[in-house]
Each structure stands twice: as structure tokens, then as C-alpha cells.
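Worksheet: one structure, shown below.
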Amino acid sequence: MLPSELLRVNVWRGNIRPKYSSFSSLELQAAEEVVKAYATNVGIKRGLIRERVLELEDAYGFKLVRGLALLVERRCIFASEAPFNPVQARHVAFAEAARAGLPATEEARRRILASAAQQLNVSPSQLDEALYADLDVEAVLKSAVDLKPLDLLKMYNLSVTQTLLFRATEISFSGAGNWQRVFRAIKYYGLMYSVTRQYGMINVKVDGAASLFKLTKRYGTCLAKLLPEILRVPSWRLEAKILRNNSLLNFNLDSGKHGWLFPAEAVGESFDSKVEADFAVKFKSLGSAWTLQREPEPLQAGASVFIPDFVFALGDARVYMEVVGFWTREYLKRKLEKLGEVKDKTLIVTVDQTLACDKIAELKTANPRVHVIWFKGNIPIREVLRVLEPLAAEAVNAQAKELKLNVEEPIALLKELADRYNVAIEAVRQATARLDSHVLIGEALVAKALLDEAKRVLQKELKEQTPLPVALKLLDAYCFPDPLAVLAYCGFQIKWQGLLPADAVVSRRPQV
């Protein structure tokens, strides 16, 4: 955050937005100059460095320069170089001045400093130099931060957004991903929130600092710390009501339009335990039809939310999994309450058998869609697959039944079609039986007209015994993903006389 007096805003038609840096050449130059003012003055007092920064204000604007300087300064290391305690030195010097009388001349001042220095066992010049060394402006720069101008300007954009949200009465945001970190931050900072689901999206509303009667500063600071976690979400949208001059103004941000303005921090896949990490690695190596994702979107659990450790996705089908490892009595109580509140979702709850908690087993009785799997050391993948397999068959059959394929291209891979319709590949394979225009050849749908053309060419050009490379050359122009399967479809057979294609021959399949 920056001080409110450094905030620059644009206001129009009931909307408000900070004046963000657009990374113009002038702003990049300003950022470079500010970084240089600190980087080239290691060993210089803070006050002198600030004086040099002030010289940049006329050229680039004082609010921008001071904001950039503050961000750089927070990342630098300053320290006092006083050889003794300045507070103790002032006590001795002021006591000496009170005894001798306030100095009216420079000579009288030197006598007081000399007497005080003798008591402190230092020289008068050392005392004079370090008398106020503990003040902010007297601190010496020990280490400067190495920042690129573009990175500094993105940090500036984040900071002015945090400053603006300090005046918010409410903030609402939605997104996809990083929910575990977002809700962890909300709870850690003690923010008040509510969760709703609309049009398949999770919407979180957080009370703003300006909506409170007290503790506004502390609450606003906590709210500002939440913003970076929201911006780490791969896709996000944020709306807020900003109180300004007794009027409520709208503030909107969208990752698609404004994400480039802020620092980009990739959120890697993290795990709470080695058990979870090992399970994820082993499951992904199976090549299952289910896709395993870490920390999915929150599930509604009464008035609160529940974020499972994993979700298995198969098209639109979802199966959630929670790993219950180390626990305390309070943790287990909250966990059971939330699991009991999750409705209409299939849950796999894997439990370390050393817990020996009968109450977890009772979840199965209370909710038939909960599957409890006990483990010791490692989560048994076979047991998890035993739960997933019938659900996969059910999901694939349902998807295939509802799927209406519309294939216009002459060749379409099953995987591409599965991604297009957000279904399992096996569902696409089953649905191809209802197509009249295309034929399933290997892992691709090929237009019948294209196959008929290829068949005519093959029948015309191929002799009774034709080397396989010659036949494949005839099919090159069609770019078939599996030309050997096309040969079989067109009524030809391949006789292998070795391992190399050059030794194989193609002939017409005998009529039965």
C-alpha cells in the first residue's frame, strides 16, 4: 500500500479507478531513475538520497516519483552507524545543557558537547555526528534492491489498487484456481466474507474497511494483503464499492483486460504433505481417463466453504477427494462438520488408519455418496480406482448419450473433439456410431468422401503385390493420422516379411 495522499484516480460516471502506469517510455525512465538513485548511493544517508529523489519530481510528477521511491525504499536495508546509543547520548548532552544553561553561542555549544563526550568516553566530533543517528533520515543505506523498471511499475499498480481498496465498503471477486491460498488468507487475516454460487461460478464477497465503525486501519491493511492472492488466480474478476466524498463509486477489474498491469506470479502445484504429493505423482502416471487436479474450486458447505485436496475430472463429471492426515480434536470436529454439510457431491475421504476415529466412518452412513478409504503410509490407488471405475463408466455413458457431434472438418482427432465438447474421449468414441458423414479410423474421424477418394486412388495405382512404402506415398497427400488403418478400411492387407516397412507388401484383401 501507499499513503492515501499519493493515490491518483480517475472518476467518471459513477466509476473510479487508480491512474495506473501504462509502462510508457516516460514512466519507465522515471522508474529507472528512482532505482538508480538508491542503487548508486550505498553508504549514503537516507535523507540525502531522498533529496536526490526529490529532484526527479518536476520531470515525472511528485506522486508517481514518491510512490516509486517508497516501494524501492521498503526493499532496501538501512542501518544506523552510530558507535554508541544515540538516545543515551542525548540524555547526557541535554542534562549537561540543563546544568550549564542553554548555549547561546557556538562556543558554548562546543563546551557542552565536550563535557558530554568526556562522560561518554567519545570524542566531541563523534558525539556531534551520532547525536541523532537513530532518526529515520540519518540511517545509512547498506544494501539496495535490484529492480527492473517494468517490475517496479507493476508493483506500483498493485500498491495503488490496495490503497484504493482501503476505502471500499465491500469487495466481490470470482475466479478459477488458487482457492486454497485465497481462503487461507481470508481466514488468517480475520476478514468477514460470504460465498455464493451463480452460473457455475464461485463468488466471494468480503466486507471492506470503510464498512466498519472501528479498526478500519487494521482491517484495511489485512484486506490489502488479500489482493495479491486474488491476482494470483489464473482467471479472476473483482468488483468493489469505493466510498469517496460521501458517494459510492464502482471499481471493476478483470484479468483478461487488466491482468497485464500487475506482477505475474505463477502458482505452482503445492501439497500439504508427502502423502498427497506421492499420490498425485502415481495417479497421473497411470494414464487414467480421469484428470487429477489439486485444490479445486470451493464446495458449498452450509454457510461456509469446503476446499477438497483433489478433484477427479472426467468431462463434466467431478469426484472430490479429501486426505485426513495429522489432526487435533478441534480440527477433526471442524472437518467432520464441513464434510457433513457438502451435499450432492461424490466424496472420497482417505483417512490415516492410525487416527482410529469411528466418527469418520459414520460419514458413509450419513451420506451414501461419501466413500471412506483407510490407509497406512500411502494412499492405496487401487482402492481409489475401485471407486472411480463405475463412476467413470456411468459418466462416459451419460456423456455419449447426450453428445451431438457436429464434425465439419475432413479429419478430426478424438482428443480434439473431447476437448471441444468437454467430455471423455471414450464418450466421443461411442457417439461416433451415430455419425453418417465420418468413419472412425484409429483415433480420428475421417470423412467418408475423403476415404472413398483415397480408395479409388489405391485401387487404381496399386498392383497385386506393392511395396508398403509405395502405398503409403499415395496417401501422403491426405495427411491421415493412421494410414495403415486407412489401407485396411479400403480393402487392402499388409504382409510383413520383417520388422522394416520396406520389407512389407500390400495386396487386395481376398473377397469372402
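Where a number appears in this text, it was derived from the coordinates with a stated rule and is not lab data. None of these values were measured; they are calculated from a predicted model. Quick reminder, even Gly has a Cβ in these numbers, built from the backbone with ideal geometry, and neighbours come from all protein chains shown.
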With no solvent and one equal point scatterer per Cα, compute the Debye intensity ratio I(q)/I(0) for the range 448-508 at 0.12, 0.17, 0.27, 0.28 Å⁻¹ and report its log10, rounded to two decimals. -0.24, -0.49, -1.24, -1.32
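Please identify the longest segment of the chain free of exposed GluC sites (Glu not before Pro), where exposed means a DSSP state other than H, G, I, E or B and no more than 16 other Cβ atoms within 10 Å.
82-264
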With angles folded into 0 to 90 degrees, how steeply does helix 149-165 sit against the dominant principal axis of the chain? Use alpha carbons for both and round to 10. 80
Below 13 Å, Cα to Cα, which aspartates and glutamates can residue 404 reach? Residues fewer than 8 away in the same chain don't count. 436
Can you tell which of 39, 64, 320 lies farthest toward the positive end of the dipole of the chain, using +1 and -1 charges on the Cβ of basic and acidic side chains (Lys, Arg; Asp, Glu)? 320
Taking 0.36 nm per residue of separation and subtracting the Cα-Cα distance, what length does fully extending residue 111 through residue 26 add? 25.3 nm
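Taking neighbour counts of Cβ atoms within 10 Å as a proxy for exposure, in what order, fewest first, do 429, 386 appear?
Numbers: 429 17, 386 12.
If I rank by nearby Cβ atoms, fewest first, I get 386, 429.
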Take the alpha carbon atoms of the range 415-439, find their center, do the same for the range 106-147, and report the distance between the two centers in whole angstrom. 80
Identify the chymotrypsin sites (Phe, Trp or Tyr not before Pro) of the range 12-68 meeting these criteria: DSSP loop state and at most 16 other C-beta atoms within 10 Å of the C-beta. 23
Sequence-distant or interchain residues sharing an amide H contact under 5 Å with residue 349, placed H: which? 322, 371, 372, 373
For the chain, build the charge dipole from Cβ charges (+1 Lys, Arg; -1 Asp, Glu) around the Cα centre, then report which of 150, 255, 53 sits farthest towards its positive end. 255
Which value in nm describes the separation of the simple spin-label points at residue 260 and residue 277, placed 7 Å from the Cα toward the beta carbon? 3.7
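Taking the DSSP beta bridges in the chain as the whole, what percent of them are antiparallel, to the nearest 5?
In the chain, approximately 80 percent of DSSP beta bridges are antiparallel ones.
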Note down the magnitude of the dipole of the range 79-147 about its Cα centre, charges +1 on Lys and Arg C-beta and -1 on Asp and Glu C-beta and zero elsewhere, to the nearest 20 debye. 360
Helix 25-39 versus the longest principal axis of the chain: what is the Cα-based angle in degrees, 0 to 90, to the nearest 10? 60
Taking only the Cα positions of the chain, the convex hull volume per residue in Å³ is 304
If you place +1 on the Cβ of every Lys and Arg and -1 on the Cβ of every Asp and Glu, how big does the dipole about the Cα centre of the chain come out, in debye to the nearest 20? 960
If the convex hull of the alpha-carbon atoms of the range 81-133 is projected onto planes in all directions, what is the mean projected area in square nanometres? 3.2
Taking the Cα atoms only, what angle lies between the long axis of helix 62-74 and the longest principal axis of the chain, rounded to 10 degrees? 80
Identify all aspartates and glutamates with a Cα-Cα distance to residue 148 below 18 Å; exclude those on the same chain that are fewer than 8 residues away in sequence. 27, 32, 33, 73, 265
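So which trypsin sites (Lys or Arg not before Pro) in the range 1-94 end up in coil per DSSP with only 11 or fewer other C-beta atoms within 10 Å?
For trypsin sites (Lys or Arg not before Pro) across the range 1-94 that sit outside H, G, I, E and B with at most 11 neighbouring Cβ atoms in 10 Å, the list reads 13.
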May I ask you to sort 381, 112 by Cβ crowding, counting other Cβ atoms within 10 Å and putting the fewest first? 381, 112
Go through the range 445-512 and name the trypsin sites (Lys or Arg not before Pro) that are in a DSSP coil and have 15 or fewer other Cβ atoms within 10 Å of their Cβ. 463
Can you compute the modelled spin-label distance between residue 420 and residue 443, with each label point 7 Å from Cα toward Cβ, in nm? 1.7
Taking the alpha-carbon set of the range 1-120, what are its Rg and Dmax in Å? 22.1, 69
What distance in nm lies between label points placed 7 Å from Cα along the C-beta direction at residue 170 and residue 90? 4.8
